[in-house]
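K.L.:
Let me give you the structure first, and then I'll get to my questions.
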Amino acid sequence: MASISHHPGLLLLVGVALSLACQSSSVAGALAVAASSAGLLDLSGACWVIYGANLGSGFNFALLAKAHQGEAAQIALMQAAQKLAGFAVAMLLVGIEQLSGRPLIESTIASLSSSLTAQVAWVFLLYQVAGSAVCTVFVGPILAVLERVAPPSKLQEMSKPAYLIEDALV
């Protein structure tokens, strides 16, 4: 990884590949922490691996959703949406950094810890929080789309309690 540590596109692909191979963005994130601890990646390089890992995890969830229907598919697609929303926030911040010439992500993370490995862990955590926050804000529209894309199966419809107030089920 040391030879590609200053190539964001390649590091993004490494993160995607790790996540697809391990089926876990957490494992890929842990590898980014280990690589930064070993001096193979700086904070910027580790960030790109983490962005790619979460993007790859979103792809994994989308593939998983194809194997299911109804509520199971909706859950997997919501996870994919959370990962992709985090990626969108990260890319928005990277774009703002490029336009302003200021390292917003690195300076924010540096204020949270002086340890490089802890900074990489913070990036991973804040990525998850950002994706979850976006999905929380837009939960209504996202659920409406998910219900259209992956409607409940006949069995799931039949298993709903018949004589309860719908609002009491939420």
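K.L.:
For Asp42, which of the numbered conditions (1) modelled with pLDDT under 90; (2) more than 22 Å from Val129 (Cα to Cα); (3) not hydrophobic (A, V, I, L, M, F, W, C) fails to hold?
P.N.:
Asp42 satisfies all of (1) modelled with pLDDT under 90; (2) more than 22 Å from Val129 (Cα to Cα); (3) not hydrophobic (A, V, I, L, M, F, W, C) except (1).
K.L.:
In addition: Inspect all residues belonging to segment 152-160 and state whether any of them is in contact with a Gly (Cβ under 9 Å, 6 or more places away or on another chain), at pLDDT below 95 and not in a helix (DSSP H, G or I).
P.N.:
Checking segment 152-160: at least one residue is in contact with a Gly (Cβ under 9 Å, 6 or more places away or on another chain), at pLDDT below 95 and not in a helix (DSSP H, G or I).
K.L.:
Is there a residue being under 18 Å from Val49 (Cα atoms) and either touching a Ser or Thr at 6+ places or on another chain (Cβ under 8 Å) or aliphatic (A, V, I, L, M) (or both) anywhere in segment 71-80?
P.N.:
Taking every residue of segment 71-80 in turn, at least one turns out to be under 18 Å from Val49 (Cα atoms) and either touching a Ser or Thr at 6+ places or on another chain (Cβ under 8 Å) or aliphatic (A, V, I, L, M) (or both).
K.L.:
Does any residue of segment 108-123 turn out to be aromatic (Phe, Trp, Tyr), open to solvent by less than 80 Å² (accessible area, probe 1.4 Å) and assigned to a helix (DSSP H, G or I)?
P.N.:
no
K.L.:
Then there is this: Please verify whether segment 135-151 includes one or more residues that are open to solvent by less than 50 Å² (accessible area, probe 1.4 Å), part of a loop (DSSP other than H, G, I, E, B) and touching a helix residue (DSSP H, G or I) at 6+ places or on another chain (Cβ under 6 Å).
P.N.:
So far as segment 135-151 goes, yes, one or more of its residues are open to solvent by less than 50 Å² (accessible area, probe 1.4 Å), part of a loop (DSSP other than H, G, I, E, B) and touching a helix residue (DSSP H, G or I) at 6+ places or on another chain (Cβ under 6 Å).
K.L.:
Here's something else I'd like to know. The conditions are (1) farther than 20 Å from Gln82 by Cβ; (2) open to solvent by less than 40 Å² (accessible area, probe 1.4 Å); (3) not acidic (Asp, Glu), and Gly15 fails exactly one of them. Which is it?
P.N.:
The failed condition is (1).
K.L.:
Mind checking which residues of segment 73-86 are touching a residue at least 40 places away in the same chain (Cβ under 8 Å) and more than 10 Å from the chain's Cα centre (by Cα)?
P.N.:
Of everything in segment 73-86, those that are touching a residue at least 40 places away in the same chain (Cβ under 8 Å) and more than 10 Å from the chain's Cα centre (by Cα) turn out to be Ala73, Gln74, Leu77, Met78.
K.L.:
For Gly101, all conditions in the list (1) on the phi < 0 side of the Ramachandran plot; (2) surrounded by fewer than 14 Cβ atoms within 10 Å (Cβ to Cβ) hold save one; what is the number of the exception?
P.N.:
The number of the failed condition is (1).
K.L.:
Within the group Ala62, Ala34, which residue is part of a helix (DSSP H, G or I), open to solvent by 30 Å² or more (accessible area, probe 1.4 Å), within 13 Å of Val120 (Cα to Cα) and among the small types (Gly, Ala, Ser)?
P.N.:
Result: Ala34 is the single residue among Ala62, Ala34 that is part of a helix (DSSP H, G or I), open to solvent by 30 Å² or more (accessible area, probe 1.4 Å), within 13 Å of Val120 (Cα to Cα) and among the small types (Gly, Ala, Ser).
The values are calculated or read from the model by the stated rules, or taken from the named source; none is laboratory data. What you see is a predicted model, and the numbers here were worked out from it, not measured in a lab. Every residue, glycine as well, gets a Cβ built from its backbone with ideal geometry; the counts of neighbours run over all protein chains shown. Only protein heavy atoms, including side chains, enter the accessible area calculation; ligands, DNA and RNA are left aside. Shrake-Rupley method; radii C 1.70, N 1.55, O 1.52, S 1.80 Å.
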